[in-house]
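K.L.:
Take this structure, written in structure tokens, and hold onto it; I'll ask about it next.
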Amino acid sequence: MDADAVSIPSDVHELQVRGADWMDYVVFCRFRCSDATIDRILARGYLPDEAAAPELAGLPRRREDDFYTSSFDPPWNPAAATERYVRRIESETFSEVLCLAIHRHTGTVYATGSGSPKSPTRENSDKRSQTP
């Protein structure tokens, strides 16, 4: 099992997810859970961020993102959340941003993720071409 793989905690409910994955990825997710589960998620490297990302401002980040969020019932509304967190993950080949908007009173977590492969740098391309 992948060290970063995580199973869905048993107290997660009302899970809704939409997104797409083809080279780049984008995902929108909303669920309810306990404070303890929220704290375990945050402990995986999320940092407080008042301006976490445009997609958590209550409206989709891009017009095409409405395709994903328009089917949520009740409607997608991360602006109602009182806390915002972000986790940025950079590797040699991939870059991603994971954002959370949390409303602890209701246990609602809004999550967005987006990522894309990095363009190969000349240095990395040279290393790959020299590998036997």
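K.L.:
List pairs: first residue in the stretch 19-35 and closer than 13 Å to residue 72 by Cβ, second residue among the charged types (D, E, K, R) and outside any strand (DSSP E or B) anywhere in the structure, Cβ distance under 6 angstrom, at least six positions apart or on different chains.
P.N.:
none
Matching residues to (1) surrounded by 11 or more Cβ atoms within 10 Å (Cβ to Cβ); (2) among the hydrophobic types (A, V, I, L, M, F, W, C); (3) closer than 22 Å to residue 37 by Cα:
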| site | (1), (2), (3) |
| --- | --- |
| 68 | yes, no, no |
| 73 | no, no, no |
| 77 | yes, no, yes |
| 84 | yes, no, yes |
| 91 | no, no, no |
| 95 | yes, no, no |
| 98 | yes, yes, yes |
| 103 | yes, no, yes |
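K.L.:
While we're here: Pick from the stretch 65-88 the residues that are free of Cβ contacts under 8 Å to residues at least 40 places away in the same chain and of a type in the set (A, V, I, L, M): which of them is farthest from residue 115 (Cα to Cα)?
P.N.:
Selected residue: 80.
K.L.:
I'm trying to understand the selection: among the residues of the stretch 14-28, which are in a strand (DSSP E or B) and either loosely packed, with under 11 Cβ neighbours inside 10 Å or hydrophobic (A, V, I, L, M, F, W, C) (or both)?
P.N.:
15, 17, 20, 21, 22, 26, 27, 28
K.L.:
Oh, and also: Can you tell me which residue among 88, 128, 84, 61 is in a strand (DSSP E or B), modelled with pLDDT under 85 and either within 15 Å of the chain's Cα centre (by Cα) or on the phi < 0 side of the Ramachandran plot (or both)?
P.N.:
88
The values are calculated or read from the model by the stated rules, or taken from the named source; none is laboratory data. All figures in this text were calculated on a predicted structure; none of them were measured in a lab. A quick note on method: Cβ atoms are made from the backbone with ideal geometry, for glycine too, and the neighbour counts reach across all protein chains shown.
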